[in-house]
Amino acid sequence: MASESLHLLHGTQFDDELEGPEHATVCRTTVLRLSGGEAETCDDHVVEEVPVALVFNGISHAVMLATPDNLEDMALGFALTEGILESPSELYGVEVVSGCQGLEVHLEISSRRFVALKERRRNLAGRTGCGLCGVESLDAVARPYKPLQRGLLLPVAAVARALDQLPDWQQLHRITGAVHGAAWVDNLGNIRTLREDVGRHNALDKLVGWLAKSRIDPAAGFVLTSSRASYEMVQKCAAAGIGCLVAISAPTGLAVRLAEESGITLAGFARGSRLVIYSHPEYLAAEGVAATRPLGQSQGSASQEPLPPRSGGRTLM
């Protein structure tokens, strides 16, 4: 069946800064669609997934599979959330270069940060969804983070408002159904931008890079992701100073523990007006919502072995 590549604009329909693509993000292909006992040949769209190498001062450090748009944002976000850079000001230049097998993103960083990078070099080739690939020791998995200093309370109603807006922002998902989205939402529940990628962590890196370039205070809103909340998603939020992560799907146990230790409010199963809070609910403002019991406390007596809540965490309705 024939296929051809399509070029789509970077960003979303609401972004102010739209750039021309370095690479096709969507492929149109001929498919055989079966439904109700009938077969139909028609065109369909699938998202592209290409190898992207991040090259720091001429040295290739990481290779991952990614959707080839907003790669400058992804590179900056990756550098910040992985601790390669401590500040966006340490990035002097970034350029996306096409290669025979994929794309390279060349970053020029300060000599001080490059020396630090060389001291902890690790091979991340093939990293697409797990934060362990290439880590040299188990100690490197749990990077320590100071608990975040939190400010204004987040209205729970803001989450519901953002969920209503989310489908309109997911341009690639609407076309292909195969990408994750990470949205930045202000405290009023308005989505300010969204980044998409085949990898949920890539989408978050793209968002973090946009926040850094736009000089937006990470305490002035929260991240809404269309994926599950893995530990790496929480880890990246902690590195970026983001105090609240809301996921459409569920978190993992390691993600919950890391969120608790880092001072991050972690929520999952965000559907309409329903929300399950797994850590730090004290930073949420929910009018008319009363907790049935403290987080982690069983309904049974103290002598009984605690049973996990049926849906996990605390549900707000």
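All of the numbers you see were taken from the coordinates with simple rules; none came from a lab. These numbers were taken from a predicted model, which means no experiment stands behind them. Cβ placement follows ideal geometry from the backbone for every residue including glycine, while neighbour counts extend to all protein chains displayed.
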### Message
Please list 3J(HN,Hα) in residue order for the stretch 98-111, calculated via the Karplus relation 6.51 cos²θ - 1.76 cosθ + 1.60 where θ = phi - 60°; whole Hz, with x for glycine and proline.
### Response
7, x, 5, 9, x, 10, 10, 10, 8, 10, 9, 10, 4, 4
### Task
Would you calculate the separation in nanometres between label points at residue 174 and residue 213, each defined as 7 Å from the Cα along the Cα-to-beta-carbon direction?
2.2
### Task
Enter the Cα centre distance for the pair the stretch 175-230 and the stretch 245-263, rounded to the nearest angstrom.
16
### Task
Please tell me the relative contact order of the stretch 143-287 in percent, rounded to the nearest whole number, where contacts are Cα pairs under 8 Å and at least six residues apart.
24
### Query
Which whole-Hz couplings ³J(HN,Hα) result when phi for each residue of the stretch 194-209 is put into the Karplus expression 6.51 cos²θ - 1.76 cosθ + 1.60, θ = phi - 60°, listed in order with x for Gly and Pro?
8, 10, 10, 6, 5, x, 5, 6, 5, 4, 5, 4, 4, 5, 4, x
### Summary
In whole Hz, the Karplus estimates of ³J(HN,Hα) for the stretch 147-157 (6.51, -1.76, 1.60; θ = phi - 60°; x where Gly or Pro) are x, 5, 7, 9, x, 5, 6, 9, x, 4, 4
### Task
Mind giving me the FRET efficiency for residue 254 and residue 31? R0 is 45 Å, r the Cβ-Cβ distance, nearest 0.05 is fine.
0.75
